[in-house]
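Have a look at the structure below before the remarks.
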Amino acid sequence: MNEKWIIIAVASILVLCTQIGSKDISREEYCEKLWRYDIECAIGYMFTAEELQKISEIAEKLRGSNCKQTAWNVLEWVDRNVEYDFKKASLPPPQVEISPVGIKVYNKERYFQTPSETVMMGKGICGDYAILTAALLLYNGCKAYIANITFDGYSEGHITAAIKINNSYYFLDQHLPPLDAGSYYKKWLKDGRVIIEAVIYSVNGTSELLDKTDFSSDYQITLQDVLELKEEMTRIIESEYELKEDLRLGEKLPKGYTSGKILTLTMEDMADYYTPEFKKEFAGYIVDKLVSKEDTGNYRSFKLDVEVLGNDIVAKMYLAK
C-alpha cells in the first residue's frame, strides 16, 4: 500500500498555520492535537471561560474605566511581571509528522503556553505574551485580537496582541505604549525588519489580512497635542499630589519660596509613539515617572514644561517649597 506521509518542518511555531486537506485529517482533529503549536488552532483553546477564570484575580485589578485604559493597564502589568524566556526562544522549532497512523510532534518544548501557565511561570516568548494579554482584555469585556506578523526575508515571524479603536488597530506588544500601525512598522524597521503583512485573528475565529500599505499611516504629534498632554499632566498632579501650579517657577526660584528642585525626564521615542487616543494614559505614565524621582510631599508648588525633541518627549517639573 502506498501510504501518504506529511512531515511539516516548522520554521517557527509562530507562523505555523498549515492547511490540512480533508483526505488527510480533519481540521478539528488537527487542532485538537496541535493547538500547542499552531496559533490559529490555539485561539480556540486558550480563551475558554475556565481558563479566563484562572487569571480573574489579576484581570479584575487591571480593569479601567474603559477598554483603552484597561489595555494600557494590562500592557503595563505584563511588562512588569513577565520576563522574556530567551532559553525557550533558542530551542529548535517543533516538527509535526502526519501519517496514516496519527500525528507526532518532535521538539515539543517550544509550545504555546496558556494564560495561567504564563502567569505561573512569569516568563514566555512572544506568543505567550500575546495570549496572556488578550486573555486579560477578554476577561474585562474588551474585544481582543492576535496578530501574526510576517517579515520580509525572515522565515520566523512574530505574534502580538492587538485592540481596535475607531476602526484602527493598536498593537500591544510586551511593552508600553500601545502602538498604531505606522509606529509599529517603524519600531520593527529600527530593528532591521520590514513587516510585509499581518494576519489579525479575533477570538471568534474570523481573520483579516493587513498588507504593507496598512502600516504606512503613522500619526504625527502636533503642538496642540503637546499642549493638551501638558494640561492633562497638570490636572493629574494637582488632583493626585495636592500641589498648586505656580507659573512663576523656573530656573530661578521666585520670592516666597525657600528652596526648590528641577526634575527632568526624557521619554525616548514617545513622541513618535504618541497618539491622542491614549492621551490620558500617556499623561499619567509620564507623571508617574517624573514624581518617582522625588518625594513631592515636601513641596507645595510646581510648574511643568513639556516639549518634543526629535522623537522624544522631554518633561521638566519645577518644584518649590
Task: Surrounding net charge for G127, when Lys and Arg each add one and Asp and Glu each subtract one, Cβ distance under 13 Å - done: -3
- [ ] Just grab the label-to-label distance for E197 and T48, each label 7 Å out from Cα along the Cβ direction, in nm (one decimal).
- [x] 3.2 nm
Open item on the list: Between the stretch 25-87 and the stretch 174-235, what is the separation of their alpha carbon centroids in Å?
Closed with: 21 Å
- [ ] Compute the signed sum of charges (Lys and Arg +1, Asp and Glu -1) over the other residues within less than 11 Å, Cβ to Cβ, of K244.
- [x] -2
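What trypsin sites (Lys or Arg not before Pro) in the stretch 189-225 are in a loop by DSSP, with at most 13 other Cβ atoms within 10 Å of the Cβ? Please report the intermediate quantities before stating the final value.
Values: sites: K190, R193, K212; in loops: R193.
Within the stretch 189-225, no trypsin sites (Lys or Arg not before Pro) qualify (loop, at most 13 other Cβ atoms within 10 Å).
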Task: Largest to smallest principal axis extent of the C-alpha atoms in the stretch 191-321, angstrom - done: 62, 32, 25
Open item on the list: Among Y299, Y219, Y184, which one shows the highest mean-square fluctuation when the chain is modelled as a Gaussian network with alpha-carbon springs under 10 Å?
Closed with: Y299
Open item on the list: Over the chain, with a Gaussian network built from C-alpha contacts below 10 Å, which listed residue (P177, P100, P92) shows the highest mean-square fluctuation?
Closed with: P100
Open item on the list: Can you tell me, using C-alpha contacts under 8 Å and at least 6 residues apart, the relative contact order of the stretch 167-321 as a whole percent?
Closed with: 25 percent
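Which FRET efficiency, nearest 0.05, do T222 and D79 yield, Cβ-Cβ r, R0 25 Å?
Working: r = 27 Å, r/R0 = 1.10.
For R0 = 25 Å, the calculated efficiency reads 0.35.
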Open item on the list: Checking the a/c ratio against 1.5 first, then a/b against b/c, what shape does the Cα gyration tensor give for the stretch 119-238?
Closed with: oblate
Open item on the list: From the helices alone, meaning DSSP H stretches of at least four residues, give me the mean residue ellipticity at 222 nm for the chain, per-run term -39500 (n - 2.57), in deg cm²/dmol to the nearest 500.
Closed with: -10000 deg cm²/dmol
Task: Violating pairs (Cα-Cα greater than 27 angstrom) within the set K123/K279; K33/K87; K54/K123; K61/K244; K61/K212; K88/K190 - done: K123/K279; K61/K244; K61/K212
Task: Label selected from [x] 1.54; [y] 1.00; [z] 1.19, the criterion being Cα Rg over 2.2 N^0.38 Å as computed here - done: [z]
Open item on the list: What's the magnitude of the charge dipole for the chain around its Cα centre, counting Lys and Arg as +1 and Asp and Glu as -1 at the beta-carbon? Answer in Debye, nearest 20.
Closed with: 620 debye
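Any read-out appearing in this document is the output of simple, stated calculations on the displayed coordinates, not a laboratory observation. This structure is a prediction, so every number in the text was calculated from the model and none was measured. Cβ: placed from backbone, ideal geometry, glycine included. Neighbour counts: every protein chain shown.
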